[in-house]
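Asks: Take this structure first; my questions come after.
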Amino acid sequence: MSKIFSISQHEIIHQIKLSCQIPTVLESIISRKIIAATAQEMGIRVEPSELQQTADQIRLANRLQKAENTWHWLQKHHLSLDDFEEIAQSNLLASKLAQSLFANRVEPFFAEHRLDYMKVALYEVILKNEDLAIELFYALKEQEISFQAVAEQYIQEPELRRMGGYRGIVPRASLPPELSAAIFAATPPQLLKPIATDRGIYLIKVEELIEPQLDQDIYSHILSELFTDWLKQQTAQVEVAVLLDTSP
């Protein structure tokens with residue numbers, strides 16, 4: 001027979017404190033207040049049709065296409081329909097505020113940081129022995145062995161081995177600096193000299209350098225970064241008086 005426990009709001013707040021989550025919760029509350037106040041100052045309003053569209057996007061993101069799934073999700077998170085609407089409104093207000101504040105700064109930011117958004121198609125093998133890496137490098141240069149053969153012999157990970165060491169298309173930002181500098185100075189297709197790192201000695205073949213385009217994904221990423229930085233600056237200027245009712 002399952003046990004039933006009654007949990008009060010006081011206990012929930014107490015657990016948040018014990019879990020050291022109060023600073024995170026306070027930051028979220030302050031951010032929401034800053035967004036609401038700034039949006040009001042700028043005359044930004046939420047239209048019913050926009051709110052419905054945002055609510056649909058939240059359902060889609062949480063796989064809540066069916067009404068039954070939505071109901072279970074609300075119960076799981078102890079949310080009412082009014083709470084759900086408030087979530088949608090907060091998300092939409094933040095999105096519209098970000099557009100109003102920073103839409104005209106996305107393109108200049110992209111142009112200034114264009115190199116950061118470059119990508120590369122590459123092959124790699126990581127070795128432990130530098131002498132072996134140099135030996136294989138010259139063997140590859142002289143076409144005495146193929147990169148596929150090197151990958152099959154020295155890569156442990158099955159999937160990467162089957163791909164012949166092909167990493168796919170990799171964003172510059174995800175590469176360690178010691179690799180990034182050499183990779184993006186290459187003239188593809190080019191085999192790079194072995195590069196020593198903490199992880200090992202890299203043998204890298206640069207297949208293609210991919211110039212970035214300001215597509216929707218990059219646009220959204222930049223807009224989100226600009227807005228997040230602004231929100232952090234605003235939050236840092238706020239003094240908070242926390243009123244916690246500690247009574248059971």
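Asks: Can you tell me which condition ILE169 does not meet? The list is (1) in contact with a Lys or Arg (Cβ under 7 Å, 6 or more places away or on another chain); (2) surrounded by 15 or more Cβ atoms within 10 Å (Cβ to Cβ); (3) of a type in the set (A, V, I, L, M, F, W, C); (4) closer than 14 Å to TYR123 by Cα, and all the others hold.
Replies: Single failed check for ILE169: (2).
Asks: Pick from TYR166, TYR154, TYR202, TYR138: which is free of Cβ contacts under 8 Å to residues at least 12 places away in the same chain and over 22 Å from GLU112 (Cα atoms)?
Replies: TYR138
Asks: When segment 118-175 is examined, which residues are found to be more than 30 Å from LEU214 (Cβ to Cβ) and part of a strand (DSSP E or B)?
Replies: Scanning segment 118-175 gives VAL125, ILE126, LEU127.
Asks: With the requirement that a residue be in contact (Cβ under 8 Å) with a residue 12 or more places away in the chain and either assigned to a helix (DSSP H, G or I) or among the β-branched types (Val, Ile, Thr) (or both), what does segment 23-42 give you?
Replies: LEU26, GLU27, ILE30, SER31, ARG32, ILE34, ILE35, ALA36, THR38, ALA39
Asks: Considering ALA181, ALA241, ALA196, which residue is closer than 30 Å to SER100 by Cβ and either surrounded by 15 or more Cβ atoms within 10 Å (Cβ to Cβ) or not assigned by TED's automatic domain parsing to the domain that holds ALA98 (or both)? Full working, then the answer.
Replies: Numbers: ALA181 fails: closer than 30 Å to SER100 by Cβ; ALA196 fails: closer than 30 Å to SER100 by Cβ.
After ruling out the rest, the residue left standing is ALA241.
Asks: Then there is this: Considering only residues that are more than 7 Å from VAL120 (Cα to Cα) and in contact with a Phe, Trp or Tyr (Cβ under 7 Å, 6 or more places away or on another chain), look in segment 205-216 and name the one that is surrounded by the most Cβ atoms within 10 Å (Cβ to Cβ).
Replies: LYS205
Asks: A follow-up question, please. Which members of segment 80-97 meet the condition of being among the hydrophobic types (A, V, I, L, M, F, W, C) and either surrounded by 15 or more Cβ atoms within 10 Å (Cβ to Cβ) or closer than 11 Å to ILE58 by Cβ (or both)?
Replies: Filtering segment 80-97 for residues among the hydrophobic types (A, V, I, L, M, F, W, C) gives 81, 84, 87-88, 92-94, 97.
If the condition is that a residue be among the hydrophobic types (A, V, I, L, M, F, W, C) and either surrounded by 15 or more Cβ atoms within 10 Å (Cβ to Cβ) or closer than 11 Å to ILE58 by Cβ (or both), then PHE84, ILE87, ALA88, LEU92, LEU93, ALA94, LEU97 are the ones that fit.
Asks: Which members of segment 40-54 meet the condition of being closer than 19 Å to LEU81 by Cβ and surrounded by 12 or more Cβ atoms within 10 Å (Cβ to Cβ)?
Replies: VAL46, GLU50, LEU51, GLN52, GLN53, THR54
Asks: So how many residues does segment 120-150 have that are within 32 Å of the chain's Cα centre (by Cα), closer than 17 Å to ARG199 by Cα and surrounded by 11 or more Cβ atoms within 10 Å (Cβ to Cβ)?
Replies: Residues that pass the stated criteria total 5.
The values are calculated or read from the model by the stated rules, or taken from the named source; none is laboratory data. What you are looking at is a predicted structure, and each value in this text was computed from that prediction instead of being measured. Counting neighbours? That spans all protein chains shown, and the Cβs are built from the backbone with ideal geometry, glycine included.
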